[in-house]
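Enquirer: Got a structure for you, questions after.
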């Protein structure tokens, strides 16, 4: 049996994400919801780990809206099937996506039967293609001028550019001329950490410095490349075991 098609739901309304998870018979379509995001920024940060084939994207979200996410995602992942979700009063706004390779537009509130039909069409396209998360470039026979320094160069790059909210595995791989999967394997092999873990660690260490200085959370979040404060807050608590406000209260000078 073919592998399950991976679906991601990107919407700032938790109720909308839960409803879509519950409303569709994913198993009958040989699909699974592999993850969610509450903003485009959060989606960009986790997409390399989730590796979705299909992304439902709400057009109206804070920090990085659906159009901005689509522009970024389709540039890096040209085979990703994006389905834009929009309310009737946002439809003209959605038309700005016409020049982008969007698979379909769906009006909210969405109907189960219409979603299923759209997913069936998306499934047909995917089955006619290939798994675009596999290698898209041949691995280099030998690496840049100093192969032993490639990973250290990448680490330095992350430490210098962590404040860029669009920075992720695919973006970095493109900068260094590697496929994302090759860079992912090499980075884990050389450092013992996966790429996302290391980037998050760099961002959180900087966030801790800001917290100790008493910097307000929304300013810190933006400075470390995670301008969505809700997503930043979850990352910070997972990394430190404390909420940002608690950490500031306990450690600020």
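Laboratory data are not the source of any read-out in this text; all were calculated from the coordinates shown. All figures in this text were calculated on a predicted structure; none of them were measured in a lab. FYI the Cβ positions are ideal-geometry reconstructions off the backbone, even for glycines, and counts take in every protein chain you see.
Enquirer: Using only helices, what value at 222 nm comes out for the chain when you add -39,500 (n - 2.57) per DSSP H run of length 4 or more and divide by the total residues, to the nearest 500 deg cm²/dmol?
Expert: Taking each H run of at least 4 residues, the total per residue is -15500 deg cm²/dmol.
Enquirer: Neighbour counts of other C-beta atoms within 10 Å: give me 205, 42 arranged from fewest to most.
Expert: Working: 205 13, 42 25.
Placing the least packed residue first, the sequence is 205, 42.
Enquirer: A follow-up question, please. Obtain the nm distance between the two label points defined at residue 121 and residue 153 by a simple spin-label model: each point lies 7 Å from its Cα along the Cα-to-C-beta direction.
Expert: That separation, rounded to one decimal, is 4.5 nm.
Enquirer: Once you have a ≥ b ≥ c as the square roots of the Cα gyration tensor eigenvalues for segment 5-128, tell me rounded if a/c is under 1.5, and otherwise prolate or oblate according to whether a/b is larger than b/c.
Expert: Details: a/c = 1.27, a/b = 1.16, b/c = 1.10.
Cα axes put segment 5-128 in the rounded bin.
Enquirer: If you take the square roots of the eigenvalues of the alpha-carbon gyration tensor of segment 147-251 and sort them as a ≥ b ≥ c, do you get rounded (a/c under 1.5), prolate (a/b over b/c) or oblate?
Expert: Prolate.
Enquirer: What is the distance, in nm, between label points placed 7 Å from the Cα along the Cα-to-Cβ direction at residue 15 and at residue 213?
Expert: 4.0
Enquirer: How would the chain be classified by its alpha-carbon gyration tensor: rounded, prolate or oblate, with rounded meaning a/c under 1.5 and the a/b versus b/c comparison settling the rest? Numbers along the way, then the final one.
Expert: Numbers: a/c = 2.05, a/b = 1.25, b/c = 1.64.
It is oblate, given that a/c is not under 1.5 and a/b is not larger than b/c.
Enquirer: Which percent, nearest 5, of DSSP beta bridges in the chain are antiparallel?
Expert: Numbers: 0 of 20 bridges.
Rounded to the nearest five, the antiparallel share is 0 percent.
Enquirer: Considering Cα pairs under 8 angstrom that are at least six residues apart, work out the relative contact order of segment 147-251 and quote it in whole percent. Don't jump to the answer; show the numbers that get you there.
Expert: Values: 89 pairs, mean separation 27.1, N = 105.
Contact order relative to length: 26 percent.
Enquirer: Suppose a student asked you for the relative contact order of the chain, using Cα pairs under 8 Å spaced at least 6 residues apart; what percent would you report?
Expert: On the way: 331 pairs, mean separation 39.3, N = 253.
Dividing the mean separation by the residue count of the chain yields 16 percent.
Enquirer: Can you give the extra length, in nm with one decimal, that the chain gains between residue 205 and residue 107 once fully stretched, where that is 0.36 nm per residue apart less the Cα-Cα distance?
Expert: 31.1 nm
Enquirer: Here is a follow-up. How far apart, in nm, are the 7 Å Cα→Cβ label points at residue 3 and residue 194?
Expert: Here the answer is 1.3 nm between the modelled labels.
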